[in-house]
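Comments concern the structure below.
The values are calculated or read from the model by the stated rules, or taken from the named source; none is laboratory data. The structure presented is a predicted model; accordingly, all values stated were derived computationally and were not measured. Cβ coordinates were reconstructed from backbone atoms using ideal geometry, including for glycine residues, and neighbour counts include every protein chain displayed.
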Amino acid sequence: MIAYRASISGAAGGCQAEIGAASAMAAGALVSLRGGTNEQIGHAVAMALKNLMGLVCDPVAGLVEVPCVKRNVVGAVNAISAADMALAGIESRIPVDEVIDAMGEVGRRMPVEFRETLPPRRPAERSKNACLRARSRT
């Protein structure tokens, strides 16, 4: 449903699409495995997505993979928290389909520089820019 209504691709929707969708799917799976209802699964998915809505791919030294590795851990913890909340009876005020639609809209409006695929730059240019930024902080 997320891929159909929004995106699961960082190139199309930023980290919110990749990590948010993975976290939401994990939250739903956890609720299901723990005997939750379909309604609780929907609440877990919605809460997990809302927690990561708007998350961009930060181009650290031209490499978007650097922060994403750590964000996957945050996504896993988010999934567990969202599943626990849903199983405890906490409900999302916004229905899951509307949350997915909102995530899709945020992804479409996200500047391409904040998505997974950056315009190609030469390694020397990335290193020079990183050095200039480091010097300006001192």
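Yes/no matrix, rows are residues, columns are (1) crowded, with 17+ Cβ neighbours inside 10 Å; (2) within 10 Å of the chain's Cα centre (by Cα); (3) modelled with pLDDT under 85:
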residue: His43; (1), (2), (3): yes, no, no
residue: Ala48; (1), (2), (3): yes, yes, no
residue: Met53; (1), (2), (3): no, yes, no
residue: Leu63; (1), (2), (3): no, no, yes
residue: Ala76; (1), (2), (3): no, no, no
(request) Kindly provide the set of residues from the stretch 78-99 that are surrounded by fewer than 20 Cβ atoms within 10 Å (Cβ to Cβ) and in a helix (DSSP H, G or I), ordered by number. (result) Ile80, Ser81, Asp84, Met85, Leu87, Asp97, Glu98
(message) Considering only residues that are surrounded by fewer than 20 Cβ atoms within 10 Å (Cβ to Cβ), assigned to a loop (DSSP other than H, G, I, E, B), of a type outside the set (Val, Ile, Thr) and at pLDDT below 95, which ones fall in the stretch 8-41?
(response) Ser9
(message) Which residue is farthest from Gly28 (Cα to Cα), if the candidates are limited to the stretch 105-138 and must be among the acidic types (Asp, Glu) and either at pLDDT below 55 or surrounded by 14 or more Cβ atoms within 10 Å (Cβ to Cβ) (or both)?
(response) Glu125
(message) Taking the conditions exactly as written (at pLDDT 95 or above, small (Gly, Ala, Ser) and assigned to a helix (DSSP H, G or I)), does Ala102 satisfy them or not?
(response) no
(request) Report yes if Val56 is assigned to a helix (DSSP H, G or I) and either at negative phi or of a type in the set (D, E, K, R) (or both), otherwise no. (result) no
